[in-house]
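The values are calculated or read from the model by the stated rules, or taken from the named source; none is laboratory data. From a predicted model like this one, the values you see are computed outputs, not experimental measurements. Please note: Cβ atoms are built from the backbone with ideal geometry, for glycine as well, and neighbour counts cover all protein chains shown.
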Amino acid sequence: MHTSSSVPEREAAQSGAAQNAQEANRPVVLGERSLWLLALVRLLTGWLWFQQLFWKMPPDFTGLHRYVVEESTATFLPGYAFIIQHVFLTHFLLLGAFTWSAELLVALLLLLGVFSRLGALLSTILALQLYVGLSAAPGEWYWTYGMLVLLSLALLAVPTGRRLGLDQWLSVRLASAKAPRVRRVLRALV
């Protein structure tokens with residue numbers, strides 16, 4: 001068995017290995033199909049948040065109260081139950097108004113595809129709160145909230161509003177904005 005190779009063969013093998021390493025480290029670029037699919041995921045996630053508004057309607061947010069009480073007994077985070085019982089439940093109408101408004105904002109941003117990354121960020125924060133508060137509750141499947149967090153993070157990572165959304169129009173307008181700092185911040189949110 002012949003194990004030695006000539007210098008040109010070794011150099012060619014090393015060059016091929018270097019080329020493979022470069023290809024493996026090249027950034028992944030999503031194709032149009034992937035972007036359209038993620039835009040559909042964004043729309044469905046926005047619809048999920050919109051649909052969840054109707055069982056906790058203002059002015060009394062009755063449906064929400066039961067879940068906040070359940071969070072105060074089922075959370076896995078030490079100290080969170082105290083905050084729920086002594087802050088959130090004592091100011092429940094304010095909490096209800098904030099929760100309902102935040103979920104409406106997330107739904108509108110994701111459904112319209114306007115500042116969709118901001119919508120995904122808010123969705124992530126709300127989903128994390130649900131995970132912390134309800135994932136250990138009896139009768140709840142903890143992966144429900146975990147998957148909602150992961151779904152929101154995926155929408156945060158990709159500019160999904162640039163397909164089937166107003167971010168496509170907005171990103172072009174922001175590219176020509178005069179104030180560079182404001183432009184950078186706003187472009188990060190679309």
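Is it the case, given these coordinates, that Ala137 is aliphatic (A, V, I, L, M), on the phi < 0 side of the Ramachandran plot and not in a helix (DSSP H, G or I)? Write out each step before concluding.
Working: aliphatic (A, V, I, L, M): yes; on the phi < 0 side of the Ramachandran plot: yes; not in a helix (DSSP H, G or I): yes.
When the stated conditions are applied, Ala137 passes them.
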#### Entry: Residues within region 74-114 that are loosely packed, with under 15 Cβ neighbours inside 10 Å and either touching a residue at least 12 places away in the same chain (Cβ under 8 Å) or within 25 Å of Ala157 (Cα to Cα) (or both), tallied
6
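Here's the yes/no breakdown for (1) over 24 Å from Phe50 (Cβ atoms); (2) at pLDDT 95 or above; (3) touching a strand residue (DSSP E or B) at 6+ places or on another chain (Cβ under 8 Å):
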site: His91; (1), (2), (3): yes, yes, no
site: Leu126; (1), (2), (3): no, yes, no
site: Tyr131; (1), (2), (3): no, yes, no
site: Pro138; (1), (2), (3): yes, no, no
### Message
Quick check on region 124-133. Is at least one of its residues small (Gly, Ala, Ser), more than 22 Å from the chain's Cα centre (by Cα) and assigned to a helix (DSSP H, G or I)?
### Response
no
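Can you list the helices (runs of 4 or more DSSP H) lying wholly within region 22-106 that have 2 or more residues being in contact with a Gly (Cβ under 6 Å, 6 or more places away or on another chain)? Before the answer, list the steps.
Working: elements: 32-51, 62-74, 80-83.
Helices (runs of 4 or more DSSP H) meeting the threshold: 62-74.
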### Query
So which pairs qualify, if the first residue must be in region 45-61 and closer than 19 Å to Leu122 by Cα, the second must be surrounded by fewer than 17 Cβ atoms within 10 Å (Cβ to Cβ), the Cβ gap must be under 7 Å, and the two must be at least 6 apart or on different chains?
Leu53/Leu104; Lys56/Gly63
### Message
Please verify whether Ser116 is within 22 Å of the chain's Cα centre (by Cα), among the small types (Gly, Ala, Ser) and within 22 Å of Gln168 (Cβ to Cβ), treating the condition exactly as stated.
### Response
yes
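Does region 147-190 hold any residues that are in a loop (DSSP other than H, G, I, E, B), at pLDDT below 90 and surrounded by 15 or more Cβ atoms within 10 Å (Cβ to Cβ), and which are they?
Residues of region 147-190 in a loop (DSSP other than H, G, I, E, B): 158-159, 163-166, 176-179, 190.
Remaining after also requiring at pLDDT below 90: 176-179.
Listed by number, the list is empty, since nothing qualifies.
Could we say that Arg66 is surrounded by fewer than 20 Cβ atoms within 10 Å (Cβ to Cβ) and either at pLDDT 95 or above or within 25 Å of Trp143 (Cβ to Cβ) (or both) here? First the steps, then the outcome.
Details: surrounded by fewer than 20 Cβ atoms within 10 Å (Cβ to Cβ): yes; either at pLDDT 95 or above or within 25 Å of Trp143 (Cβ to Cβ) (or both): yes.
Answer is yes for this residue.
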